[in-house]
Amino acid sequence: EPEVTQTPSHQVTQMGQEVILRCVPISNHLYFYWYRQILGQKVEFLVSFYNNEISEKSEIFDDQFSVERPDGSNFTLKIRSTKLEDSAMYFCASSESKTGLEQYFGPGTRLTVT
Amino acid sequence: GIQVEQSPPDLILQEGANSTLRCNFSDSVNNLQWFHQNPWGQLINLFYIPSGTKQNGRLSATTVATERYSLLYISSSQTTDSGVYFCAVESPGYGNKLVFGAGTILRVKS
């Protein structure tokens, strides 16, 4: 069964450093998402992406964040200058369609900012 | 935005017991998914169920969209069922994003 993959599974970085989280969505999916879960809290939407541009973003997704689909398979989330409060689990998801269809989640990347 | 409330917040069961988890939402939905978050933090998709009833082994789910709730049933619980169960919904007019509830923490004791 096709699945969403994410790398790395765990990343430790120092405050102020740039990090890039990588995702490979399911191959025939057209919509891509990033969600975040701070430890002990609910999962929150960050951004959705379609046709090489941001479709929607939340208030959390400020200028420190960016997303890119650099080639036909990868989807990345970049945090330019990490802060302690960026420590969280980051989930990538993909779906075939924009509305109403199932979103398939990757296993997540645990980001720890020290 | 749409509100998603899950109950109970915590549940402790003896192995072999049955349980029902509830998800209430404040507006119409075109997508509803149930997830199990395992001890490693992974979100395991249990059901995609914007309406109707589905079953998968010991788990089943029912969504009554007109009354704005969904139920997740776990029968003959096992210790491996422990973890956090999340309900997430997508609602027309609120964008194509999933909005998650706060989750139900389930502990199954042997």
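Can you give me the pair-distance distribution of chain B, C-alpha pairs, 5 Å bins, whole percents?
Whole-percent P(r) values from 0 Å outward: 2, 13, 25, 25, 19, 10, 4, 1, 0.
In a shell of Cβ-Cβ distance under 9 Å around A:L30, excluding A:L30 itself, what net charge do Lys and Arg (+1) and Asp and Glu (-1) give? Working shown, then result.
Details: positive: A:K98; negative: A:E96.
Spelling it out: positives minus negatives among the neighbours equals 0.
Just how large is the dipole of chain B about the Cα centre, in debye to the nearest 20, putting +1 at every Lys and Arg Cβ and -1 at every Asp and Glu Cβ?
In total the dipole reaches around 140 debye.
I'd like the per residue volume of the convex hull spanned by the Cα atoms of the protein assembly as shown, given in cubic angstrom.
Normalising the Cα hull of the protein assembly as shown by residue number yields 120 Å³.
Residues of region A:7-53 losing 30 Å² or more of accessible surface, assembly versus chain alone, probe 1.4 Å, please list them.
With the partner chains in place, region A:7-53 has these residues losing at least 30 Å²: A:Y35, A:Q37, A:K42, A:V43, A:F45.
Quick one: with all protein chains in place, what share of the accessible area of the protein assembly as shown is carbon or sulfur, to the nearest percent (1.4 Å probe)?
On the way: 5010 of 10760 Å².
Looking at the protein assembly as shown in its full context, I get 47 percent from C and S.
Which residue, chosen from B:V4, B:I49, B:L59, occupies the Cα position most advanced towards the positive end of the dipole of chain B, where the dipole is computed from +1 (Lys, Arg) and -1 (Asp, Glu) charges on Cβ about the Cα centre?
B:L59
Restricting to lysines 8 or more places apart or on different chains, can you count the pairs in the protein assembly as shown with Cα atoms under 24 Å from each other?
14
What does the buried accessible surface come to for B and A, summed over both chains, with the probe at 1.4 Å? Round to 100 Å².
Numbers: alone 5830 and 6630 Å², together 10760 Å².
The B and A chains share an interface burying roughly 1700 Å².
Any chance you could check the Cα centroid distance between region A:18-59 and region B:4-47 for me, in angstrom?
22 Å
Give the accessible surface of the protein assembly as shown per residue, rounded to a whole number of Å², with probe radius 1.4 Å and ligands, DNA and RNA excluded.
For the protein assembly as shown, the per-residue accessible area is 48 Å².
For region B:4-109, with the dipole built from +1 on Lys and Arg beta-carbon atoms and -1 on Asp and Glu ones, taken about the Cα centre, which of B:V99, B:A88, B:P39 lies farthest toward the positive end?
Farthest towards the positive pole: B:P39.
Name the residue from A:T109, A:N74, A:N51 whose Cα lies farthest towards the positive end of the charge dipole of chain A, charges +1 on Cβ of Lys and Arg and -1 on Cβ of Asp and Glu.
A:T109
Threshold 50 Å², probe 1.4 Å: give the residues of region B:21-60, in number order, that are less accessible with all protein chains present than with their chain alone.
B:L43, B:Y48
Please identify the GluC sites (Glu not before Pro) of region B:1-103 that satisfy two criteria: DSSP loop assignment and at most 16 other Cβ atoms within 10 Å. Which are they?
Here the sparse-neighbourhood loop sites are B:E15.
Restricting the count to DSSP beta bridges whose residues both fall in region A:5-113, what percent are antiparallel, rounded to a multiple of 5? Present the calculation step by step, with values, prior to reporting the outcome.
On the way: 34 of 38 bridges.
Of those bridges, close to 90 percent are antiparallel.
Pop out the ³J(HN,Hα) list for region A:90-96 in order, Karplus 6.51 cos²θ - 1.76 cosθ + 1.60 with θ = phi - 60°, rounded to Hz; leave Gly and Pro as x.
10, 10, 9, 9, 9, 8, 6
The values are calculated or read from the model by the stated rules, or taken from the named source; none is laboratory data. If you're wondering where the values come from, they're calculated on a predicted model, not measured in any experiment. Cβ coordinates were reconstructed from backbone atoms using ideal geometry, including for glycine residues, and neighbour counts include every protein chain displayed. Note: accessible area is taken over every heavy atom of the protein model, side chains too, but ligands, DNA and RNA are not part of it. Shrake-Rupley method; radii C 1.70, N 1.55, O 1.52, S 1.80 Å.
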